[in-house]
Structures are given as structure tokens and as C-alpha cells.
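Read-outs: derived from the displayed coordinates by stated rules, not from any lab. It should be emphasised that the depicted structure is a prediction, and the values quoted were computed from it without experimental measurement. Glycine also receives a Cβ, built like all others from the backbone with ideal geometry; neighbour counts cover every protein chain displayed.
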Amino acid sequence: MNRLRWTDTHCHLDQIEDPQKALEDALTSGVERIVAVSEGPESIESILHLGSRYPDRILVGLGIHPVSAVRLSREVVEETLQTIQARLPEAQVLGEVGLDHKWATDESSQTWQLEVLRRQLDWAAHERIPANFHSRRCERAVMNEAIRFHQETGLGAQLHWFTHSKKLIRITNDAGIFISVGPRILDCDETQKVVPTIDMDLLLLETDSPVPFGGKSARPEWIHEVGHHVAQLLGIDVTELSIRTEANFDRYLSMGRDSKEVPR
Ligand SMILES: [Zn+2]
């Protein structure tokens with residue numbers, strides 16, 4: 001039997017204590033590729049460093065996280081944005097970007113978060129790279145940004161941890177937006193009900209490591225277990241799920257990259 005291959009499409013690899021060990025453990029479980037997303041100035045540097053050390057395993061995600069966008073001073077955010085714009089040619093993905101209304105609770109911080117997001121999306125459009133979105137407590141607003149980005153540029157858009165609503169999944173399926181499923185699938189009824197409604201051609205897997213689940217910090221090798229659960233839930237062979245999610249991820253990375261940029 002062929003070995004199963006997986007990609008962790010959303011991971012905070014720089015926040016794991018020993019990233020090298022995490023990469024080795026992941027490989028043992030067939031997790032050959034990891035999208036390492038950044039959050040703020042320090043993680044941007046760490047992830048660029050990790051990406052240059054392990055170029056065949058790590059896909060570099062650069063971006064300022066929506067929580068960082070409102071927690072850091074505007075001055076630091078502006079500097080970080082300049083770094084992102086300058087270093088984006090070294091990245092394969094824009095992320096983690098998005099909106100977060102748990103942290104942006106008033107109108108001015110929400111407006112600022114949206115401005116920070118849209119500036120980064122413009123640069124991703126210019127560099128012809130896909131975008132990885134966060135959407136806590138503002139799923140519909142972020143979904144609309146993702147759809148607009150995809151429609152205007154032809155580039156891939158991925159909503160991470162977006163498994164709360166079948167109604168929204170119907171919209172993302174029609175719009176061709178990728179949805180990544182993480183370890184919540186292991187123990188959350190709501191996630192288990194929503195995941196089977198995701199178009200099989202738009203399904204990706206992630207761990208969001210090292211976010212804690214069930215009292216343990218997630219690790220990229222958990223993708224293997226997530227994959228087995230998803231396959232069981234969908235009633236398909238795990239080998240088929242592995243082949244399809246890998247093909248989906250390749251399509252997410254490559255779509256729209258040959259087309260000419262459509263200015264926003
Ligand atoms: Zn994350």
C-alpha cells in the first residue's frame with residue numbers, strides 16, 4: 001500500500017517548542033508539507049528563517065493576524081505591514097490574516113482591522129499568492145472578503161476553522177472557497193455535522209498547532225488522525241481523502257497564478 005501523504009495547511013510552527021522535532025514527527029505520520037503562518041513582527045522573522053531552512057517542507061505564510069492588528073500599537077502595525085509588503089515575494093501564502101470581532105469590539109478598531117486586511121490582500125493579489133483567512137465572530141464579513149479576493153484575482157482563498165454553519169458552507173461551495181478542517185472534528189458535534197457539506201474539491205486539513213484541544217497542544221502530525229476521522233465521516237477510504245486533499249491544496253496554491261492581475 002502506498003504511504004498516505006498530508007499537508008497541514010495552517011500551523012503556527014514557530015510557536016511549537018521544537019519545530020525541527022515537530023517536522024520530523026510530522027513526516028513520520030506522512031505530513032510532508034506544513035503552511036507556517038505568522039501573526040506579528042517576531043513570528044514573521046521566525047517563519048522566514050524556518051522557511052529558508054526547510055524549503056521543501058515549509059510553505060511560508062506571511063501576514064499580520066487580526067488580533068495583532070488591534071493589540072499592537074498602530075506604529076508597530078505600520079512597520080510590520082511594511083515588512084510584509086517587502087518580504088511577501090518570499091512567501092507562498094498570505095496569512096494569517098482576517099478579522100476578529102472578539103478583539104475588535106468597537107467601530108474604530110473594526111475599521112482598522114478591515115483596512116489592515118485589505119492592504120495585505122492587495123499585496124497578495126500583486127504577488128499572485130493565495131490567502132489564508134481567520135474569522136472569529138465575524139464569519140460572514142470575512143467570507144465576503146474571501147469571495148471578493150477570489151473573484152477579483154482568480155487566486156485561491158482559504159477560510160480556516162470555518163466549520164460552524166451549513167448555511168455559510170453552501171455559499172462558500174458556490175463561490176469556490178477552500179475550507180480547512182482541524183482537530184475540532186475529533187470531538188465537536190457541530191463540526192461533524194458541517195464538514196460533510198463541504199464540497200470535496202474544496203476540502204483542506206489543518207491543525208492550527210499549537211492551539212490546545214482536549215487539554216493537549218496540537219501538533220502537525222495530528223493531521224493523520226484528523227484525516228482518518230474526516231474520511232470515516234464522509235464514508236470514503238482514507239487513501240482517497242489523502243489524494244483528494246493533496247490535489248486540492250496544489251490547486252489552491254496554483255489557481256489564478258497564470259492570469260493577469262485584476263486591479264482592485
Ligand atoms: Zn491560526
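Summary of computed values
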| item | result |
| --- | --- |
| Residues of segment 123-146 that turn out to be touching a residue at least 12 places away in the same chain (Cβ under 8 Å), assigned to a helix (DSSP H, G or I) and farther than 9 Å from LEU99 by Cβ, as a count | 9 |
| Positions within segment 23-33 being part of a helix (DSSP H, G or I) and either surrounded by 17 or more Cβ atoms within 10 Å (Cβ to Cβ) or touching a residue at least 12 places away in the same chain (Cβ under 8 Å) (or both), in sequence order | LEU23, ASP25, ALA26, LEU27, THR28 |
| Residue match in segment 37-56 (condition: part of a loop (DSSP other than H, G, I, E, B), out of contact with any strand residue (DSSP E or B) (no Cβ under 7 Å at 6 or more places or on another chain), touching a residue at least 12 places away in the same chain (Cβ under 8 Å) and over 15 Å from THR207 (Cβ atoms)) | yes |
| Every residue from segment 89-102 that is over 15 Å from LEU155 (Cα atoms), away from the ligand (no atom under 16 Å from the Cβ) and touching a strand residue (DSSP E or B) at 6+ places or on another chain (Cβ under 8 Å) | GLU90 |
| Among the candidates GLY227, GLY235, GLY215, residue that is at negative phi and away from the ligand (no atom under 16 Å from the Cβ) | GLY227 |
| Only listed residue being assigned to a helix (DSSP H, G or I), touching a Phe, Trp or Tyr at 6+ places or on another chain (Cβ under 7 Å) and not basic (Lys, Arg), chosen from GLN120, GLN113, GLN85 | GLN85 |
| Residues satisfying the stated conditions in segment 84-129, i.e. surrounded by 22 or more Cβ atoms within 10 Å (Cβ to Cβ) and polar (S, T, N, Q) | GLN113, GLN120 |
| Of all residues in segment 34-46 being small (Gly, Ala, Ser) and surrounded by fewer than 23 Cβ atoms within 10 Å (Cβ to Cβ), the one that is nearest to the ligand (Cβ to nearest atom) | GLY40 |
| Total residues in segment 151-178, condition over 18 Å from VAL194 (Cα atoms) and either within 16 Å of the ligand (Cβ to nearest atom) or without any contact (Cβ under 8 Å) to a residue 60 or more places away in the chain (or both) | 2 |
| Unique match (being polar (S, T, N, Q) and within 12 Å of the ligand (Cβ to nearest atom)) among SER52, SER68 | SER68 |
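Conditions (1) surrounded by 17 or more Cβ atoms within 10 Å (Cβ to Cβ); (2) within 12 Å of the ligand (Cβ to nearest atom); (3) not small (Gly, Ala, Ser), marked per residue:
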site	(1), (2), (3)
THR9	yes, yes, yes
HIS12	yes, yes, yes
ASP18	no, no, yes
LYS21	no, no, yes
LEU48	yes, no, yes
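Quick grid of which residues meet (1) of a type in the set (D, E, K, R); (2) under 24 Å from ILE58 (Cβ atoms):
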| position | (1), (2) |
| --- | --- |
| GLU152 | yes, no |
| GLY182 | no, yes |
| VAL195 | no, no |
| LEU205 | no, yes |
| ASP208 | yes, yes |
